[in-house]
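All remarks here apply to the structure that follows.
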Amino acid sequence: MATDTTMNKPGLLAHAGGYKAMALVALVTILSLGLLANDTRWIYLLVYVWFGVAYGVFLQYGRFCMASAVRDLFAIKVPRMAVGVMIATALFSITAGLVTVSGYSTFHPHPLGWHIIAGGLIFGFGMIFTGGCASGSLYKTGEGNMGSMLVLLSISFSMALFADLGSWSNSLAPAGWAESALEKGMPEELSVTDGWFDLFTAGYVWNLSGGTVADMVGTGNVWIDVFVGNVLLTAMLPTLVILVILYVSTYRKGFIRRNKLQSLSFGDEMRGIWGMITTSKNTAIAGLGLGIFAGLQMWATGALREHYEIFNFGELLMKMGYTEGLSIQETVFDPGYWYITTQEAQLGGWVLNLFGRDVTDNIFFGLQNGIPNPLINAPLLMSVGIIVGASILALSRREFKWKVPNMETAVFAIVGGALMGIGARLGMGCNVGAFFAAVTNGDLTGWIFLAGMLIGGLLGVKAFNMWLNRKSAGDEFDI
Amino acid sequence: MLGKIIQGIRMFLGNLFHWKDEEAHAHRHSSVTRINESVELPGHGLVQIGCRVECESEGCPRPQLLTLKALNEVDRGVVVEVVTDNLSVVETMPSMMDIYEGVHLGTVQGKDNWCIYVRREI
């Protein structure tokens with residue numbers, strides 16, 4: 001009988017970590033109050049910050065990481081994290097559905113094309129080496145893991161550089177993309193025919209279309225469209241199928257052995273599936289929390305946009321006198337829901353700009369997202385909030401530890417992070433924006449991204465195992 | 001905290017430029033060794049440990065793979081102690097024992113690491 005005997009778990013105030021966690025909460029509260037005293041309209045930005053803190057707490061609690069899910073599944077055939085992620089997906093779809101029905105959804109479906117699977121593949125391959133997906137790297141940074149910090153930096157700069165590829169990359173794009181990009185009639189300062197990523201965006205992605213399954217169902221009754229199309233068909237049913245596959249291919253054999261069963265009745269199978277689900281309890285609880293808060297964030301941001309009569313945070317920043325770093329449409333990246341990577345790309349772009357590289361002459365920064373100062377970049381502060389939230393919980397649970405990467409981990413973090421960054425830009429998001437948020441809002445491209453991520457993850461595990469076997473020669477194995 | 005950051009940077013640079021930093025060097029390789037020690041585990045009393053898997057500073061899935069390798073090598077009933085500072089390993093190990101032919105006896109949190117105790121069953 002397995003017994004969890006994790007000992008030495010004192011109360012919150014019985015150790016220094018508890019005080020540090022409380023100090024962090026106090027610091028964020030004081031800074032928030034200071035901002036509100038300056039201008040109450042900062043509430044829009046603070047919604048991002050505090051939801052980020054909540055996401056960080058849940059991510060650390062459930063150790064919610066797609067890299068762990070894929071790697072554990074393929075490397076050691078343990079489905080625990082994959083099961084948790086699937087349950088989280090199903091639960092999040094319900095809250096997302098409620099927000100959509102209420103009319104406050106800020107979600108936009110992604111255009112469907114080969115780039116989704118290619119992006120997922122590159123992202124999945126990279127994340128096996130970094131040991132964390134986009135959200136995983138954020139919460140691990142909050143636990144004091146400096147390797148994950150390196151991953152985040154690598155993702156940030158690789159995305160910024162990929163979005164701002166120079167003229168040398170033009171020849172890598174099909175000729176048709178340039179013609180198509182020109183037809184879009186974009187402002188000259190964007191130079192949309194110069195740079196692979198601009199050609200890819202204007203000449204390829206903009207020609208594609210996307211939509212949600214609710215749109216396809218189209219009965220006219222929003223409840224039926226959303227809950228049948230988005231929740232049941234897009235999230236629940238595929239999740240159920242995946243759970244059954246995971247049970248049969250990994251968990252079932254051990255379940256039969258432990259319970260000394262000769263043949264399994266339907267009831268036994270159900271008990272087995274339930275047993276598999278309950279081993280992922282923490283991740284599932286985290287998923288439920290993430291789902292509820294992600295839905296609440298969409299609702300809160302939607303309500304604030306209505307209150308301030310704006311469509312984008314850039315308009316509010318303009319009214320507050322902050323014009324620097326906005327796109328030529330006077331907008332900034334403002335998804336209004338849980339999203340990671342674009343804001344990190346903005347950070348990379350902002351730093352590159354600071355050092356003299358003009359990154360505003362492309363579509364990604366110049367037209368769509370801008371490069372606002374990190375201190376007023378709401379989604380970026382949401383990412384900071386995730387790190388802070390994870391730190392708060394890790395400190396209070398005595399799980400915070402400064403971990404310095406060795407040379408091997410640092411190289412994997414930088415190279416893997418760069419691949420994740422390229423994959424995220426190509427696939428129009430990461431495991432959160434391109435998979436989690438997409439699938440739960442009825443966008444089938446999320447499953448395509450996941451398929452790519454699984455293929456990439458499988459290849460990554462194969463390559464990683466080859467490296468491990470080579471490295472094993474250096475291990476002492478004295479038994 | 002500042003001291004820890006400086007120590008961290010020192011260790012990182014030490015690894016980067018191969019400075020002879022004993023602490024950094026000591027953690028560069030994992031080890032699996034036969035031991036004969038005992039430990040008090042809640043719910044199990046005094047337990048005899050037959051093998052130790054040292055894998056601090058190692059990322060997943062290396063500690064899990066080394067543990068499986070160790071469980072394959074030891075005799076039935078032998079308890080293996082896995083020393084790690086990786087929380088993912090701590091979380092994964094009980095589930096891994098559900099799949100493989102072992103039992104998770106417990107996990108003890110130390111100051112800077114965790115000791116996980118698993119026993120070969122078959």
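Just to check I understand the Karplus step: with θ = phi - 60° and J = 6.51 cos²θ - 1.76 cosθ + 1.60, what whole-Hz values come out for the stretch A:361-369, glycine and proline as x?
Result, rounded to whole Hz: 8, 10, 5, 4, 8, x, 9, 9, 10.
Less than 9 Å Cβ to Cβ from A:Asn362, Lys/Arg counted +1 and Asp/Glu -1: what total charge do the surrounding residues give?
-4
Only helices at least 30 Å long along their axis, Cα-based, and averaging -1.0 or more on Kyte-Doolittle count here, so list those DSSP H runs from chain A.
A:16-38, A:80-102, A:281-308, A:445-471
Can you give the relative contact order of the stretch A:340-455 as a percent, counting alpha carbon pairs under 8 Å and 6+ residues apart?
About 21 percent, as a whole number.
Between beta-carbons, use under 9 Å as the cut-off and find the net charge around A:Gly195, counting Lys and Arg +1, Asp and Glu -1.
With Lys, Arg at +1 and Asp, Glu at -1, the neighbours total -4.
In whole Hz, with x marking every Gly and Pro, tabulate ³J(HN,Hα) for the stretch B:51-59 from phi via Karplus 6.51 cos²θ - 1.76 cosθ + 1.60, θ = phi - 60°.
Result, ordered by residue: 7, 10, 10, 9, 9, 5, 6, 9, x Hz.
Summing -39500 (n - 2.57) over the DSSP H runs of n ≥ 4 in chain A and dividing by its residue number, what mean residue ellipticity at 222 nm do you reach, to the nearest 500 deg cm²/dmol?
The per-residue figure over chain A is -20000 deg cm²/dmol.
For A:Lys184 and A:Ala463, what is the calculated FRET efficiency with R₀ set at 41 Å and r taken between the beta-carbons, to the nearest 0.05?
Details: r = 39 Å, r/R0 = 0.95.
The computed FRET efficiency comes out at 0.55.
Would you list the P(r) distribution for the stretch A:170-236, with all Cα-Cα distances sorted into 5 Å bins from 0 and each bin expressed as a whole %?
Result returned by the calculation: 4, 18, 19, 10, 6, 7, 11, 15, 9, 1.
In peptide A:404-412, how many Cβ atoms from other protein chains are near each Cβ within 10 Å, on average?
If you average over the peptide's residues, the count of other-chain Cβ atoms is 6.
Towards the positive end of the charge dipole of the stretch A:351-422, with charges on Cβ (+1 Lys, Arg; -1 Asp, Glu), say which of A:Phe355, A:Thr409, A:Phe365 has the farthest Cα.
Sorting the options by dipole projection puts first A:Thr409.
From other protein chains only, count the Cβ atoms within 10 Å of every residue's Cβ in A:35-42, then give the mean. The partial results should precede the final answer.
Numbers: counts 0, 0, 0, 0, 0, 0, 0, 0.
Averaged over the peptide's residues, the number is 0.
Relative contact order for chain A: what is it in percent, counting Cα pairs under 8 Å that are at least 6 residues apart?
37
With the cut-off at 31 Å, tell me which of the pairs A:Lys401/B:Lys69; A:Lys260/A:Lys401; A:Lys471/B:Lys111 have Cα atoms farther apart than that.
Flagged as over cut-off: A:Lys260/A:Lys401.
Net charge near A:Pro379, counting Lys/Arg +1 and Asp/Glu -1 over other residues with Cβ under 11 Å of its Cβ?
Value of the local net charge: -2.
Taking 2.2 N^0.38 Å as the expected size of a compact globular protein, what ratio does the Cα radius of gyration of the stretch A:45-156 give against it, to two decimals?
The value comes to 1.18.
What FRET efficiency would be calculated for the residue pair A:Tyr308, B:Lys111, taking the C-beta separation as r and a Förster radius of 60 Å, to the nearest 0.05?
0.75
Taking the Cα atoms of the stretch A:250-378, what is the range of coordinates along each of the three principal axes, in descending order and whole Å?
Rounded to whole Å, the extents work out to 71, 37, 22 Å.
Scan chain A and hand back the longest stretch that contains none of the GluC sites (Glu not before Pro) lying in DSSP loops with at most 14 other Cβ atoms within 10 Å.
Excluding the exposed sites themselves, the longest stretch runs over A:1-308.
Starting with the highest mean, order A:456-467, A:193-204 by the number of other Cβ atoms within 10 Å, averaged over the residues of each peptide.
On the way: A:456-467: 18.9, A:193-204: 22.6.
Ranking the peptides A:456-467, A:193-204 by packing returns A:193-204, A:456-467.
Provide the per-residue ³J(HN,Hα) series for the stretch B:62-72, in order, calculated from phi with Karplus coefficients 6.51, -1.76, 1.60 and θ = phi - 60°, each as a whole number of Hz, with x at glycine and proline positions.
4, x, 5, 5, 5, 5, 4, 4, 5, 4, 5
From other protein chains only, count the Cβ atoms within 10 Å of every residue's Cβ in B:103-109, then give the mean. Write out the running numbers ahead of the final one.
Numbers: counts 4, 5, 5, 6, 5, 4, 8.
Average neighbour count from other chains, rounded to a whole number: 5.
Taking amide H atoms as placed 1.01 Å from N in the peptide plane, list the residues 5 or more away in sequence, or in a different chain, whose amide H sits under 5 Å from that of B:Val47.
B:Val39, B:Glu40, B:Leu41
Kirkwood Rh over alpha-carbon pairs of the stretch A:108-184, then Stokes-Einstein at 25 °C and 0.890 mPa s: what D in µm² s⁻¹, rounded to an integer?
Here the translational diffusion coefficient equals 163 µm²/s.
So what's the projected area for the protein assembly as shown, the Cα convex hull averaged over all directions, in nm²?
Average of the hull's projected areas for the protein assembly as shown equals 29.1 nm².
What size of dipole, in debye to the nearest 20, comes out for the stretch A:224-290 about its Cα centre when the only charges are +1 on Lys and Arg C-beta atoms and -1 on Asp and Glu C-beta atoms?
Using Cβ point charges on Lys, Arg, Asp and Glu, the stretch A:224-290 gives about 500 debye.
Rounded to the nearest 20 debye, what is the charge dipole size of chain A about its Cα centre when +1 sits on each Lys and Arg Cβ and -1 on each Asp and Glu Cβ?
Around 2380 debye, computed over chain A.
Which cross-chain or sequence-distant (5 or more) residues have an amide H under 5 Å from the amide H of A:Asn145, H modelled 1.01 Å from N in plane?
A:Lys403
No value in this document is a laboratory result; all are computed from the given coordinates. Since the model is a prediction, treat every value here as computed from it, not as a measurement. Note that each Cβ is placed from the backbone with ideal geometry, even for glycine, and that neighbours are counted across all protein chains shown.
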